[in-house]
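Worksheet: the structure to be examined is printed underneath.
The values are calculated or read from the model by the stated rules, or taken from the named source; none is laboratory data. Not measured: the values here are computed from a predicted model. All Cβ positions, glycine included, derive from the backbone under ideal geometry; neighbour counts span all protein chains shown. Calculation scope for accessible area: heavy atoms of the full protein, side chains included, ligands and nucleic acids excluded. Shrake-Rupley method; radii C 1.70, N 1.55, O 1.52, S 1.80 Å.
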Amino acid sequence: MKRYSFLELAKNAFSAHQNWGRQWRSPEPKAEYDVVIVGAGGHGLATAYYLASEHGIRNVAVIEKGWLGGGNTGRNTTIVRSNYLWEESAALYNHAIGLWQNLSQELNYNVMYSARGVLMLAHTVHDVQSAQRHIHANRLAGVQNEWLTPEQAKDYCPPLNIEKNIRYPVMGAALQRVGGTARHDAVAWGYARGADALGVDIIQNCAVTGIRRNQNGSIEGVETAKGYIKAKKVGVVAAGHTSVVMDMAGVRLPLESFPLQALVSEPVKPAFPCVVMSNTIHAYISQSDKGELVIGAGTDQFVSYSQAGGIHITNHTIDAICELFPQFRRMRMLRNWGGIVDTTPDRSPILSKTPVPGLFVNCGWGTGGFKATPGSGHVFAHTIAKDEPHPINAPFTIDRFRTGRLIDEAAAAAVAH
Amino acid sequence: MSQPFRTEKGGRIDRGEELTFTFDGEEFHGHKGDTLASALLANGVHLVGRSFKYHRPRGILSSGSEEPNALVGIYRNGDQTPNLRATQIELYDGLEAISQNRFPSLGFDVGAVNDLLSPLFPAGFYYKTFMWPKSFWDRVYEPIIRSAAGLGKPPRTPDQDTYANQFAHCDVLVAGSGPSGLAAALAAAETGARVILCDEQAECGGSLLSESNASIDGKDPANWVHETVARLSSMENVTLLPRTTAFGYFAHNFVALAERVTDHLAEPDSKLPRERLWQVRAKEVVIAAGAIERPMVFPENDRPGIMLADAGRTYLNRYGVKVGHKVLVATACDTAWQAAFDLADHGVEVVAIVDVRETPPDNLIAIAEARGIRVEAGCVVTGTLGRKRIKSALLGRLMTSGQVASGGQIDCDALLMSGGWTPTVSLYSQSRGKVVWAPEKGAFLPGISVQKERSTGASKAVYGLQACLEDGYAAGEAAATAASGKTATITYSSAYGGEAGSGGILGALPHDRNASRVKAFVDYQNDVTAKDVKLAVREGMHSIEHIKRYTTTGMATDQGRLSNMNALEIASGTLDKPVTDVGLTTFRQPYTPTTFGLFAGISRGDFFDAVRKTASHEWVVQHGGVFEDVSQWKRAWYFPKPGEDMHAAVERECRTVRESVGLFDASTLGKIEVVGPDAAEFLERMYTNPWKKLAPGRCRYGLLLNDAGFIVDDGVIGRLAEDRFHVTTTTGGAPNVLATMEDYLQTEWSDLNVWLTSTTEQYSVAAVQGPKAREFIAPFIEGIDLSADAFPHMSVKEGTFCGVPCRLFRISFTGELGFEINVSRRYGEMMWETLATEIEKRGGTPYGTETMHVLRAEKGYIIVGQDTDGTVTPYDAGMGWAIGKKKFDFVGKRGLARTDLVADGRKQFVGLLTKDPKIRLEEGAQITTSENPATGTAAEGHVTSSYYSAALERTIALAIVKNGHAREGQTLYVPMPEGSIPVEVTGTVFYDKEGAQLNV
């Protein structure tokens, strides 16, 4: 792999950029791999990368139905944060935050991780209680998170409307300064390039059509559009379609898939310094390096595999944005799209071994998977390589839905009196 | 006033009305009917903007909404709206426009240094650098990139304009009013079907408004448009919507339209909305979105003065503007020739027509020769000169070898180009239809309809005026019949002229220049060149989605309408794969950028979300009560007397209730009437408690779990009759409880004969609590014996309150003797005012939610959502008593049996008392066994509720603590930034443990 740098860029300018190599190959699948990862999104590619770089397992294929990074990796609002409530979640997302710090350097690919700060607004007494609980829990867990008064929140984010005459005035905010955004496509591409350089085969436009198990029930390989591929281990990281793939191996998962919409405005000069989230009135906003306001909505109400949602959801989200930032009312929506989020009953992911020997699963990230990409890949690679979970993902089993040992992140958002 | 490029006559502008406007502070003149673009061109202004990345000078490229270059800011009412297309802005007197993305001025922009450094900035360069030193990304590189990026400046002040919303139904919605769209609308309307016709432009007619070489029914096309629009306007079943863009096609033929109401007016009526959102449910949709012309990709194809040929023709024929004095026409298809002929006929010198094709049609060559126009066939433009306006073009001759030989240089001040036409399939694609590649047309066309729509005319590559009219009529008739079953005999108009001809080319043109040194733009606004696309392919980006994201082609404000086909062809050529293997990116809404305010509509301030008020609201306002938001409700929080803060008010309210009597508005609690022969059986299955043996006239506390076994709601349920229950829920939980009940009733237990009715808003509820509650309400109640024996705790009876029917509950959430009076909502104000007036006289007090919270905490009653959080079982909460042990089943029963829910070490509901009675713990604070826990220590639990208790004259708290029930008496710690607070674990009931106060 030729390293990227400013010097290299300058050198290539002299040869009119004719000599840049491929960032990744387009290989035909081999007959057999040590590990097959199903799904070339950020999490799948990161898993392959860490299998090769940390565990020396390089005979790995990542098999992708469409094009790499084309699912939720390329459709999210790119928010990175780790101020989750429960110790288990905070540990997982904070592990990712640690890896984000040096990811550009590690991958030698600028993923534009930008610690702009994530401000989570409180609009009701109940919101304040919930935010305070998060802050106290995070402080004990060693996760950065702090309380700001409305005035402090406005100092941090000058466009914010903290007037008392709005329907749900801002009563304060929780700020995680190390939170921010990253360039989503670059994360997929950086991991793809890194994995490819270590020998991982990324096989795009190749749907998995079946999973073969031997008479002991263990994994033997996968049937694909490009033929049968033997595999000692298979890791399924297919977001909303994970339940479909796992069904091929006879494993049922407690996943529901919903459309989740996002939108961007036309690009404008810098207008918004950080990330602002409001769970109560359903709005998330930041500004991309290109200048677009990037806005996320709540999920549609009904399960669907359609990557499109209803206009009423968009209306409601923009209502909220315009209420908090009335100066953006004259801005214009450039593009509105949908993704499919796979959610579990406790809104925490599954990162786990399965009842099938040699089969591993990583799914259920719901609306929050992007931020976890490096951490998720890192511990999932460990789980596959060692055949046992990393301490960080040990609680995120499939089994928890049977035992009831849930990690319920929706919990603290429970409705009030 | 001088408008040097204005024609002597012609065009649809009103030459009698002159308008004054400014661009970057300089004053110009135009006419009513001009767009900002046509008015600037009439004044000879081509340079109007700077490109995104290289800050290259850019001119007006098109005459429509796809314009990538001429984006300006418009000042109005002290603020500006950025990124508006000059080609769509209708001129009004006093219009103030400014150019964007330049510093210090449009003519001299320091950002243009990027153009000189462009060898360093190929596609995706930012992924390869800015990584060292690491700390520079946040502090240096990213801020520089951000300030260089973006187009216009964002608005800074809150928008004062209003926006309206309109829902509409119709039989046939026609999107686009060119020849096909007008014909379709007319044909559909004549059947009597309800028709909505919308067009993004100010005038209906589309291409007919700039047609010079055709007639319809022997008339000028513009006259035909006038007559057709007049006919449509006269029909009651037709809604005509000019300035209205069909921007989003959603499921079930739901189409969103954006109508721009006032932007074109110099002094709009302040009562009018700026824009109006139409949400249309159409039985059938006819997409008549037309086609747009494709730029040619040749080196330096972006200089001001270079324009699409059809735009040049439109400016001439529709706006009376000559785009130059010496015009070069470069084309690959026939339509651009007509532009050259029209210009020549208006006295413009057409220096040459350069056609890529070896043998353009003879008849065109003959017409050109008759006008003395030089024709160069088999020839391409290989470059242009001129910094801020094109000065000359380099020509190249295509050799049979495929090479290009120099064909000399030709002076010009404008260059019109046409690479052919791209059908506009955006709306079809948004309808989730899959476009199909038509190699013979060199275009993607609508395929099978997945919704009830049909495309017509140029949007499905039907070209030529007569063909478009016929296709439009047929589409309109078919749509009307499909929608309404109605038919009519339609007289088709017939057209002469306006032929489409042939030709067209995709991708980059060959040239004899140094490919690595020249820039041939594919996506103008985002500065993506042909070599960028090739670089992306070389680097392994083989899917069009990767190419788009890596190079940003197609991600500009035109969403790839101008660039996609050329980029695709270049990628396909580089990959040596057919275009179908490279793919086309999905078109998403909105079709053109759409104002946020349009979506938000009237949702601002109190209209942002419904405000639910109870009957006491006005009284509370008048008596200085403070409100809190609880879901959509405004609830009275506390009632401060003069000089009291919240703490003092709450302390007084608490004491008064405990000692005397208090009045609380409990109307916001959810209420569900559960009725039917199986009502008791239904509740038996929903709630953990047993219901079948509850006697009519009695109440019971009900606990609702989810199927995982965790508490999700609670409330008192009264049995009014064998088959009738009055169920109450939490305020926030009301909708979910009803939805869950309906879900079970309809999907799991369809055998049960039960009706559910939400009655939350049918009753006003006054809670009267305190030792004097009985004597306080007695004078108002008739028909109910209130004595302790006749009406014990947990009873319900029907009687009257001040003569109106009421349901009276004897229940308590304070631990005191308590009653809740339910009257019909229409008597709510009467009840509240009667009680509130009386209670002050009797030394009692109204109290708010905060006092309610404190009083219930003193009694250890949970608040679902505060003391529980979706992870707490009834056993955890110390409420195992609420579970009917003999019950066959209830929601959550199996969940409760799971191993982790019965394991040791669960977090349980306890009381906490701080060692120092003055310290009030923070709600949400964590609890540990160690006084100084190390970072990363798992918490033993957290504080769920914490108050100052007037009755106990100290602070109290409730908490969830691991193994808490067994830890009573132990000392734990609440670590805070200022130091740990020692606390003792206690039971949850702090006041009147025996419940003596309840049973009086």
message = Just to check your reading of the model, which residue among B:Thr359, B:Thr335, B:Thr331 is in contact with a strand residue (DSSP E or B) (Cβ under 8 Å, 6 or more places away or on another chain), in contact (Cβ under 8 Å) with a residue 60 or more places away in the chain and more than 19 Å from B:Ile410 (Cα to Cα)?
response = B:Thr335
query = Within segment B:100-115, is there a residue that is modelled with pLDDT of 95 or more and open to solvent by less than 10 Å² (accessible area, probe 1.4 Å)?
reply = no
ask   = Any residue in segment B:502-519 that is among the hydrophobic types (A, V, I, L, M, F, W, C), assigned to a helix (DSSP H, G or I) and at the interface with chain A (Cβ under 9 Å from one of its Cβ atoms)?
value = no
ask   = Just checking, which of A:Ile311, A:Ile219 is in contact with a strand residue (DSSP E or B) (Cβ under 8 Å, 6 or more places away or on another chain) and modelled with pLDDT of 95 or more?
value = A:Ile219
ask   = Filter segment B:707-725 for residues that are surrounded by fewer than 21 Cβ atoms within 10 Å (Cβ to Cβ) and at pLDDT 95 or above; which is nearest to B:Val674 (Cα to Cα)?
value = B:Arg724
query = Only one of B:Val943, B:Val983 is at pLDDT 95 or above, under 46 Å from the mean Cα position of the chain (by Cα) and part of a strand (DSSP E or B); which?
reply = B:Val943
note = Residue set B:Arg826, B:Arg856; condition in contact (Cβ under 8 Å) with a residue 24 or more places away in the chain, assigned by TED's automatic domain parsing to the domain that holds B:Gly803, among the basic types (Lys, Arg) and not in a loop (DSSP other than H, G, I, E, B); output residue B:Arg856
ask   = Considering only strands (runs of 3 or more DSSP E) fully contained in segment A:211-287, which possess at least 1 residues that are acidic (Asp, Glu) and closer than 23 Å to B:Phe599 by Cα?
value = none
Residues within segment B:520-541 that are farther than 30 Å from B:Gly408 by Cβ and in a helix (DSSP H, G or I), tallied = 4
key: segment A:119-155: number of residues that are among the hydroxyl-bearing types (Ser, Thr, Tyr) and at pLDDT 95 or above   = 1
task = Could you tell me which of the residues A:Asn94, A:Asn165, A:Asn138 is assigned to a loop (DSSP other than H, G, I, E, B) and polar (S, T, N, Q)?
result = A:Asn165
remark   = Those residues of segment B:320-339 which are open to solvent by less than 10 Å² (accessible area, probe 1.4 Å) and either in the same structural domain as B:Ala214 (by TED's automatic domain parsing) or assigned to a helix (DSSP H, G or I) (or both) amount to B:Ala336, B:Trp337, B:Ala339
note = Wholly inside segment B:660-742, strands (runs of 3 or more DSSP E) that include 2 or more residues that are closer than 26 Å to B:Leu901 by Cα and aliphatic (A, V, I, L, M) are B:699-705, B:711-721
query = A:His123 versus (1) farther than 25 Å from B:Pro975 by Cα; (2) in contact with a helix residue (DSSP H, G or I) (Cβ under 8 Å, 6 or more places away or on another chain); (3) of a type outside the set (Val, Ile, Thr); (4) facing chain B (nearest Cβ under 8 Å): which is the lone unmet condition?
reply = (2)
ask   = So which residues in segment B:642-694 are polar (S, T, N, Q) and more than 12 Å from B:Ala950 (Cβ to Cβ)?
value = B:Ser660, B:Ser667, B:Thr668, B:Thr688, B:Asn689
ask   = Does segment B:659-678 contain at least one residue that is within 14 Å of chain A (Cβ to nearest Cβ) and among the aliphatic types (A, V, I, L, M)?
value = yes
query = Mind checking which residues of segment B:434-491 are open to solvent by 50 Å² or more (accessible area, probe 1.4 Å), under 31 Å from the mean Cα position of the chain (by Cα) and under 16 Å from B:Gly290 (Cα atoms)?
reply = B:Arg454, B:Lys460
task = Looking at (1) assigned by TED's automatic domain parsing to the domain that holds B:Gly848; (2) open to solvent by 30 Å² or more (accessible area, probe 1.4 Å); (3) not hydrophobic (A, V, I, L, M, F, W, C), find the lone condition where B:Gln769 falls short.
result = (2)
query = Considering only residues of segment B:521-541 that are more than 9 Å from chain A (Cβ to nearest Cβ) and of a type in the set (A, V, I, L, M), which is surrounded by the fewest Cβ atoms within 10 Å (Cβ to Cβ)?
reply = B:Val537
ask   = Which residues, counting only those in segment B:187-236, are surrounded by fewer than 18 Cβ atoms within 10 Å (Cβ to Cβ) and within 31 Å of the chain's Cα centre (by Cα)?
value = B:Ala202
message = With without any contact (Cβ under 8 Å) to a residue 60 or more places away in the chain, outside any loop (DSSP other than H, G, I, E, B) and either more than 9 Å from chain B (Cβ to nearest Cβ) or farther than 22 Å from A:Val341 by Cβ (or both) as the only criterion, which of A:Glu151, A:Glu54 stands out?
response = A:Glu151
inquiry  = Quick check on my filter: what residues within segment B:116-131 are out of contact with any His (no Cβ under 7 Å at 6 or more places or on another chain) and at the interface with chain A (Cβ under 7 Å from one of its Cβ atoms)?
reply    = B:Pro119, B:Leu120, B:Phe125, B:Tyr126, B:Tyr127, B:Lys128, B:Thr129, B:Phe130, B:Met131
